[in-house]
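Accompanying notes for the structure given below.
None of the figures in this text is laboratory data; all of them are computed from the coordinates on show. In this text, all values refer to a predicted model and were calculated from it rather than measured experimentally. In this analysis, Cβ positions are derived from the backbone assuming ideal geometry, glycine residues included, and neighbour counts consider all displayed protein chains.
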Amino acid sequence: MSQLPIGFWLKHLDRLIENDFDRILAAESLGRRHWQVLHSLHEGAATLAVLDERLAPFLDEEELTAAPVVEALRERGWVEGLVSLSLTEAGTRAHADLFARVEESRRRLSEGISERDYRAAVEVLERMSANLENR
């Protein structure tokens with residue numbers, strides 16, 4: 001059993017997950033925000049204000065809106081609409097292709113781990129988070 005603390009493993013795993021996800025998106029010359037907008041619109045049409053609200057936890061001080069990302073996806077022919085934004089057929093296909101790659105990454109991540117062990121790990125992390133949030 002490893003003598004390294006949980007913080008090491010959390011940061012190490014987070015870095016590996018981020019790098020794998022970035023690799024998947026980079027193959028299509030996309031970034032994380034592109035995926036978030038694409039995935040959000042896959043769940044249903046939205047105005048830019050609604051997208052900004054959905055993505056607010058991920059936007060930083062330089063990125064106050066998803067508008068530039070929406071425009072980039074519109075230029076690819078993946079997003080349509082002026083007020084109510086939605087995916088085009090090409091956008092839906094692009095989402096499906098990327099989603100399949102993301103799911104494959106998630107499958108590799110949990111390879112050899114039972115559903116029970118996975119749920120237990122998530123529950124432990126949730127409890128640890130709650131313990132520190134309640135202080």
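Note down all Cβ pairs under 9 Å where the first residue falls in the stretch 25-54 and is at positive phi, the second is among the hydroxyl-bearing types (Ser, Thr, Tyr), and they're at least six residues apart or on different chains.
Final answer for the pair search is Gly44/Ser86.
Go through (1) in contact with a Lys or Arg (Cβ under 9 Å, 6 or more places away or on another chain); (2) of a type outside the set (A, V, I, L, M); (3) free of Cβ contacts under 8 Å to residues at least 60 places away in the same chain and name the single condition Ser105 misses.
(3)
Is it the case that Glu133 is acidic (Asp, Glu) and either surrounded by 15 or more Cβ atoms within 10 Å (Cβ to Cβ) or under 24 Å from Leu13 (Cβ atoms) (or both)? Steps first, please.
Numbers: acidic (Asp, Glu): yes; either surrounded by 15 or more Cβ atoms within 10 Å (Cβ to Cβ) or under 24 Å from Leu13 (Cβ atoms) (or both): yes.
So Glu133 fits the description; yes.
Would you list the helices (runs of 4 or more DSSP H) that sit entirely within the stretch 57-135 and hold 1 or more residues that are in contact with a Ser or Thr (Cβ under 8 Å, 6 or more places away or on another chain) and more than 14 Å from Leu38 (Cα to Cα)?
The qualifying helices (runs of 4 or more DSSP H) are 115-133.
Are there any pairs, at least 6 apart or on different chains, whose C-beta atoms fall under 8 Å, with the first in the stretch 1-17 and among the polar types (S, T, N, Q) and the second in a helix (DSSP H, G or I) and surrounded by 10 or more Cβ atoms within 10 Å (Cβ to Cβ), and if so, which?
These pairs meet every condition: Ser2/Trp9.
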